[in-house]
Amino acid sequence: MQNLFDEILASIAAPDEAAMEAACARQLSLAKPPRSLGRLEEISVQIASITGRLYNRADRRRVLVFASDNGIVEEGVASAPQSVTLAQTINIARGLTGVGVLARHYHSEIDVIDLGVNADFSFPGVRNEKIAFGTKNFAVEPAMTREQALAAIGSGIRAVQRAKDEGVEILGIGEMGIGNTSTSSAVLCALTGLPAEAAVSRGGGVNDAGFARKKAVIDGALAAWKPDPADPVDVLAKVGGFDLCGMTGAFLGAAAMRIPVVIDGFISAVAALCAARLNPLCVHFMIPSHASMERGYAVAMDALGLKPMLALDMRLGEGSGCPIAFEIVSAALDVLEHMATFSEASIDDGYLDEIRANERFQG
């Protein structure tokens, strides 16, 4: 797995400047005041810089959902029982959860990958790539070995390769795993140096005692295992989860294979930050969907230098924000390709010359 990991990191290239400039020029030629479509314009330019093509589609869409249990639930940091991970992993594949319904509504596929659900099961639509029956309790020992972390990262990379081989044009990254707001918070604190008090929320809704315990457990584990913030794989291995590792691999794979990839909520954002710390170029391939209500989400977005496009007060996870974002991306691409230019609309656009001279697009 180390070889695959190294190869993917080394293969990530910068955005295509020529395609980005062509998209900027096209946007400035369209019959509208410059930047009047705001983020839609920026998204279309960003997608061009990713694919190297002026015109793109986002019709073939897929949410990758990585499922795993987390040993840290033994510390009483989650409001739901661990059995919910298994039930909801199956229900995602059945299309019955939040992401399942939204994916169906927005014509998106779902690829569910079991990396560590604490059950021996088989279900149609759930891909078995189980590394172990959940991670260890990082309050008493590191969550996993480095080899296990790399194996889970490799699963994420392979999921992107499958998607690319099957013609998927845009990806979203989601998860399922009781206790994974604790793992994500621990990883975020390790990467940023923040104490738990500054980055941890209640997750699924633990009571006051559980919330206090959650913060104390995270601070204690970080002090005990001393994960290296310069080595995100070490951080993931010591206080992360198999799902977070798989998601990190998916963000790396999307950058290497030049596929636009949508960040969901808090947990997805932390995985995106892990990928960006491994190779900063990854950020250029990421599109944030909604602003999660989890406190740590804003911390992760600030660290990534990104801004979500939606404010829907969501905090479900699963990848539920991704199908909504896919539709917005698709609209942005349609505008770039099909909106009339000033010439086509028979409008003399000379009055915009001064404004255009001061405009600058960001991809």
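The values are calculated or read from the model by the stated rules, or taken from the named source; none is laboratory data. This one's a predicted model, so the numbers in the text were calculated from it and none came from an experiment. Methodologically, a virtual Cβ is constructed for each residue, glycine included, from the backbone with ideal geometry; neighbour enumeration extends over all protein chains shown. Only protein heavy atoms, including side chains, enter the accessible area calculation; ligands, DNA and RNA are left aside. Shrake-Rupley method; radii C 1.70, N 1.55, O 1.52, S 1.80 Å.
Any residue in the stretch 198-212 that is at pLDDT 85 or above and either on the phi > 0 side of the Ramachandran plot or open to solvent by 60 Å² or more (accessible area, probe 1.4 Å) (or both)? Within the stretch 198-212, none of the residues are at pLDDT 85 or above and either on the phi > 0 side of the Ramachandran plot or open to solvent by 60 Å² or more (accessible area, probe 1.4 Å) (or both).
Take the conditions modelled with pLDDT of 95 or more and at positive phi and apply them to GLY52. Does it pass?
yes
Name the residues in the stretch 51-99 that are in contact with a helix residue (DSSP H, G or I) (Cβ under 6 Å, 6 or more places away or on another chain), within 20 Å of ALA119 (Cα to Cα) and of a type in the set (S, T, N, Q), would you? SER68, ASN70, GLN82, THR97, listed by residue number. Residues that are within 20 Å of the chain's Cα centre (by Cα) and under 21 Å from ALA276 (Cα atoms) do not occur anywhere in the stretch 205-228. For the stretch 9-50, a tally of residues being in contact with an Asp or Glu (Cβ under 6 Å, 6 or more places away or on another chain) and farther than 22 Å from PHE326 by Cα returns 1.
Quick grid of which residues meet (1) in a loop (DSSP other than H, G, I, E, B); (2) not hydrophobic (A, V, I, L, M, F, W, C):
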| residue | (1), (2) |
| --- | --- |
| LYS215 | no, yes |
| ASP228 | yes, yes |
| LEU236 | no, no |
| ASP243 | no, yes |
| GLY246 | no, yes |
| PHE251 | no, no |
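Filtered by the rule that a residue be open to solvent by 10 Å² or more (accessible area, probe 1.4 Å) and either within 12 Å of the chain's Cα centre (by Cα) or among the β-branched types (Val, Ile, Thr) (or both), the stretch 277-287 gives a lone residue, VAL283. Scanning the stretch 213-253 for residues that are open to solvent by 10 Å² or more (accessible area, probe 1.4 Å) and under 14 Å from LEU150 (Cβ atoms) yields a total of 3. On inspection, GLU141 qualifies as open to solvent by 60 Å² or more (accessible area, probe 1.4 Å), over 12 Å from GLY246 (Cβ atoms) and either in a loop (DSSP other than H, G, I, E, B) or touching an Asp or Glu at 6+ places or on another chain (Cβ under 8 Å) (or both).
Contact map, the stretch 322-338: first residue within 20 Å of ALA291 (Cα to Cα) and open to solvent by less than 10 Å² (accessible area, probe 1.4 Å), second residue outside any helix (DSSP H, G or I) and of a type in the set (A, V, I, L, M, F, W, C), Cβ cut-off under 6 Å, separation 6 or more or different chains; pairs are CYS322/VAL63; CYS322/VAL262; ALA325/VAL262; PHE326/ALA58; PHE326/ILE170; VAL329/ALA58. When you scan the stretch 144-167, do you find a residue that is open to solvent by less than 10 Å² (accessible area, probe 1.4 Å) and either in a loop (DSSP other than H, G, I, E, B) or among the basic types (Lys, Arg) (or both), even just one? Looking for residues that are open to solvent by less than 10 Å² (accessible area, probe 1.4 Å) and either in a loop (DSSP other than H, G, I, E, B) or among the basic types (Lys, Arg) (or both), one finds none in the stretch 144-167, hence no. Contact map, the stretch 284-296: first residue farther than 18 Å from GLY253 by Cβ, second residue of a type in the set (Gly, Ala, Ser) and open to solvent by less than 30 Å² (accessible area, probe 1.4 Å), Cβ cut-off under 6 Å, separation 6 or more or different chains; pairs are SER289/GLY321; SER289/ALA325; HIS290/GLY321; SER292/GLY265; GLU294/SER201; ARG295/SER201; GLY296/SER185; GLY296/ALA199. If the condition is being over 27 Å from the mean Cα position of the chain (by Cα) and either assigned to a helix (DSSP H, G or I) or farther than 15 Å from ASN358 by Cα (or both), then the stretch 22-46 contributes ALA22, ALA25, ARG26, GLN27, LEU28, SER29, LEU30, ALA31, LYS32.
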